[in-house]
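Before any comments, here is the structure.
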Amino acid sequence: MGVESYVVVHNIAKRHNVGTLARSATAFGVSELILVGRREFNAFGSHGSTSHVRFRHFHSLQDARQFLKDRDCDICGVEITDNALPVNHHPFTKSTAFLLGNEGTGLSAKECEICDFFVYIPQYGDGTASLNVTVAASIVLHQFGVWAGFPERTRDGNKFIVAEKPAKQTRRSFCAETADSVIEERKSRKEHNSNGFFDESGIGNPSSNLLDGLFNDVR
């Protein structure tokens with residue numbers, strides 16, 4: 001198997017960003033979008049791209065890390081740290097999973113612990129301190145695709161050709177799992193008193209929860 005890229009979604013606050021991340025993931029050849037925490041997500045902004053990317057769910061960052069390490073995959077934190085490298089220098093050596101920080105606070109200490117290295121996106125203007133998480137993801141994933149030599153998608157006129165949707169596709173707003181896994185998740189929520197989308201500490205703001213009030217018909 002060739003080089004692959006993954007996106008780890010954890011502790012993203014704004015409602016529309018997961019769907020938009022899925023759109024960027026499909027555009028830049030991401031193999032899987034990994035959700036950590038609850039399985040449901042808001043597909044707003046995906047423009048149907050959730051039909052074309054694989055989703056995988058884990059209850060904790062450590063579970064996600066183990067899955068990626070079993071596949072000999074580096075975990076790259078997208079954050080401005082003292083030892084972060086410019087992403088345009090392509091400091092990659094193999095398959096890589098990208099972990100992006102919360103829009104307001106960046107990567108937490110727990111998230112940084114599972115990262116093998118960090119990259120940042122150089123800026124050349126003086127009008128903003130950081131980029132939107134989905135914009136940052138798009139830039140990083142494009143740079144990885146350039147390094148990995150992913151083949152460019154065929155174009156038709158001024159658009160890229162979109163693949164056919166998988167058969168029997170329904171509206172995508174959750175990461176499907178087995179009944180045992182769902183039971184385990186419910187246990188974990190009770191044990192940790194979790195009320196946030198990706199907050200493993202149990203401290204979350206319901207008003208910023210990506211799930212609250214969304215897609216009630218599929219729960």
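If you go through the stretch 118-170 and keep only what is part of a loop (DSSP other than H, G, I, E, B), at pLDDT 95 or above and of a type in the set (A, V, I, L, M), you end up with just Ile121.
All of Gly127, Gly101 fail the test of being open to solvent by less than 20 Å² (accessible area, probe 1.4 Å) and either more than 16 Å from the chain's Cα centre (by Cα) or under 20 Å from Ala25 (Cα atoms) (or both), apart from Gly101.
Is it the case that some residue within the stretch 134-145 is open to solvent by less than 70 Å² (accessible area, probe 1.4 Å), without any contact (Cβ under 8 Å) to a residue 12 or more places away in the chain and of a type in the set (A, V, I, L, M, F, W, C)? So far as the stretch 134-145 goes, yes, one or more of its residues are open to solvent by less than 70 Å² (accessible area, probe 1.4 Å), without any contact (Cβ under 8 Å) to a residue 12 or more places away in the chain and of a type in the set (A, V, I, L, M, F, W, C). Would a scan of the stretch 79-98 turn up a residue that is open to solvent by 10 Å² or more (accessible area, probe 1.4 Å), within 13 Å of the chain's Cα centre (by Cα) and modelled with pLDDT of 85 or more? Within the stretch 79-98, not a single residue is open to solvent by 10 Å² or more (accessible area, probe 1.4 Å), within 13 Å of the chain's Cα centre (by Cα) and modelled with pLDDT of 85 or more.
The values are calculated or read from the model by the stated rules, or taken from the named source; none is laboratory data. These figures come from a predicted structure and were not determined experimentally. Don't worry about glycine lacking a Cβ; one is built from the backbone with ideal geometry, like all the others, and counts go over all protein chains shown. Quick note on the areas: whole protein, heavy atoms, side chains included, nothing else; ligands and nucleic acids left out. Shrake-Rupley method; radii C 1.70, N 1.55, O 1.52, S 1.80 Å.
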